[in-house]
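The values are calculated or read from the model by the stated rules, or taken from the named source; none is laboratory data. Computed from a predicted model, the values in this text were never measured in an experiment. With ligands, DNA and RNA removed, areas are computed over all heavy atoms of the protein, side chains included. Shrake-Rupley method; radii C 1.70, N 1.55, O 1.52, S 1.80 Å.
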Amino acid sequence: DILIILDCMTCEMVNRCVDEYSFLSDMDSIVSVGSTSTEWMEKTFTQNYLSEVNNTLYITGNTHSHDWINYEYFYNVKEVWKEGWHVDSKTVPPRRITDTAIHHHRKSDPKRMILHYMQPHQPFINLNGTSLYEDSNNMTLEELHYLEGYSREEILDAYVGNLRAVLDDIVLLLSNIAGDQVVISADHGEALVEKSVWGHP
């Protein structure tokens, strides 16, 4: 009934806070169809799944939707990033997605919903006022590590902070929207120096 996409979430991030949220259960991992949001959208929203997508409301904070989805495939598309972009934090806060989802669920009661949150993707919204928060707005993960000296653990902790921020909002979402089947997944993962790779793709 409801698919919740958390942008660049990984199992390692979830494992850090799985005991804090009762709805995180039956966790498993899969290989994504893409290593970026654009590749994921291109390979997910295809004619192969047109009958399902036709009755799906897609609510997204991901700016790539403008160029990588076919609006006519969906029951409706709400691109929250167009009005919900937070200039200072350079992202769409979780609450904008949550509020939009609750509003449209009550208004039109769509058969299926996909909610695409931007967290835990950087920038790190739960670190306001810290140097890592400021740096994450303007630097890649490699730059954060090699130029600014942040450790892998510090960067992972920042992602987990972002994850908690969006999971807290999902608590609110699930208390206001009824769905028999709710799945939380990701569009793609994030490399934190595995095989000497930072970030994505």
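Top to bottom by accessible area (1.4 Å), largest first, where do Glu142, Glu190 land?
Solvent-accessible surface, decreasing: Glu142, Glu190.
Please give the per residue accessible area of the chain, computed with a probe of 1.4 Å over protein heavy atoms only, in Å².
On a per-residue basis, 52 Å².
Just how much of Met9 is accessible, in Å², when a 1.4 Å probe is used and the result is rounded to the nearest 10?
The accessible area comes out at roughly 30 Å².
At 1.4 Å probe size, put Val92, Val197, Val77 in order of accessible surface, largest to smallest.
Val197, Val77, Val92
Roughly what % of DSSP beta bridges within the chain run antiparallel, to the nearest 5?
Once the DSSP bridges in the chain are tallied, antiparallel ones form about 15 percent.
At 222 nm, what value in deg cm²/dmol follows for the chain if DSSP H runs of at least 4 each add -39500 (n - 2.57) and the sum is divided by all its residues, to the nearest 500?
Computed ellipticity for the chain at 222 nm equals -9500 deg cm²/dmol.
Looking at the square roots a ≥ b ≥ c of the eigenvalues of the Cα gyration tensor of region 1-117, which shape do they give, rounded for a/c under 1.5, prolate if a/b is larger than b/c, or oblate?
It is rounded, given that a/c, with a ≥ b ≥ c, falls under 1.5.
Taking a 1.4 Å probe, which of Tyr117, Tyr150 shows the most accessible area, and what order do the others take after it?
Descending order: Tyr150, Tyr117.
If the viscosity is 1.567 mPa s and the temperature 4 °C, what Stokes-Einstein diffusion coefficient in µm²/s follows for region 1-52 when Rh is the Kirkwood radius over Cα pairs?
Translational diffusion coefficient: 98 µm²/s.
Please report the accessible area of Leu6 (heavy atoms, 1.4 Å probe, ligands and nucleic acids excluded) in Å², nearest 10.
Its heavy atoms expose roughly 0 Å² to the probe.
Leaving out ligands, DNA and RNA but keeping every protein chain, what accessible area does His64 have, in Å² rounded to the nearest 10, with a 1.4 Å probe?
My reading of the accessible area for His64 is about 80 Å².
Taking Rg/Rh (Cα atoms, Kirkwood Rh) straight from the coordinates, which label in [x] 0.97; [y] 1.01; [z] 0.95 is the correct one?
[z]
From the square roots a ≥ b ≥ c of the eigenvalues of the alpha-carbon gyration tensor of region 153-201, which class results: rounded (a/c under 1.5), prolate (a/b over b/c), or oblate?
Oblate, since a/c reaches 1.5 and b/c is not below a/b.
For region 96-139, rounded, prolate or oblate, judged on the Cα gyration tensor with a ≥ b ≥ c (square roots of eigenvalues), a/c < 1.5 rounded, else prolate if a/b > b/c?
It is prolate, given that a/c is not under 1.5 and a/b is the larger ratio.
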